[in-house]
Amino acid sequence: MRPKPFTIGLTALIAKTRPLMEGKNFLTIDVGILKAVGLLPMRWRGQVKILGKAKAEFPLVLKGLMASKSVKMEIEKAGGKVIINE
């Protein structure tokens, strides 16, 4: 049985990363950024999934993170994208 992913709400993600967006056209979010802004425990090694129905206020690129369908649609609507694996 797979462990459940750590879940983070899109609203919290936007609130915590908004200051990082200053002077940029888009913001790439990965596990390192989530740990740096305090949304993910530093020792977390599992998967992360972004959930919620908030409005993406700026283009985000989610890299290596899972996202719900509603989050993916909202991010793409704002000009961003979700890259699950590279």
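Read-outs: derived from the displayed coordinates by stated rules, not from any lab. Bear in mind that the values here come from a model prediction, so they are computed numbers and not experimental data.
For LYS72, go through the lysines and keep the ones whose alpha-carbon is under 18 Å away, minus same-chain ones fewer than eight residues off.
Within reach: LYS49, LYS53, LYS55, LYS63, LYS81.
Contact order normalised by length for the chain, with contacts defined as Cα pairs under 8 Å and 6 or more residues apart; what percent is it? Let's see the in-between values first.
Working: 143 pairs, mean separation 26.4, N = 86.
Relative contact order, the chain: 31 percent.
Short version: ³J(HN,Hα) in whole Hz for each residue of region 52-58, in order, from phi by Karplus 6.51 cos²θ - 1.76 cosθ + 1.60 (θ = phi - 60°), x for Gly and Pro, what are they?
For region 52-58, the Karplus-derived couplings read x, 10, 6, 8, 6, 7, 8 Hz, x marking Gly and Pro.
Could you pull the Rg and Dmax for region 6-83, using just the Cα atoms, both in Å?
Cα radius of gyration and Dmax of region 6-83 are 11.3, 33 Å respectively.
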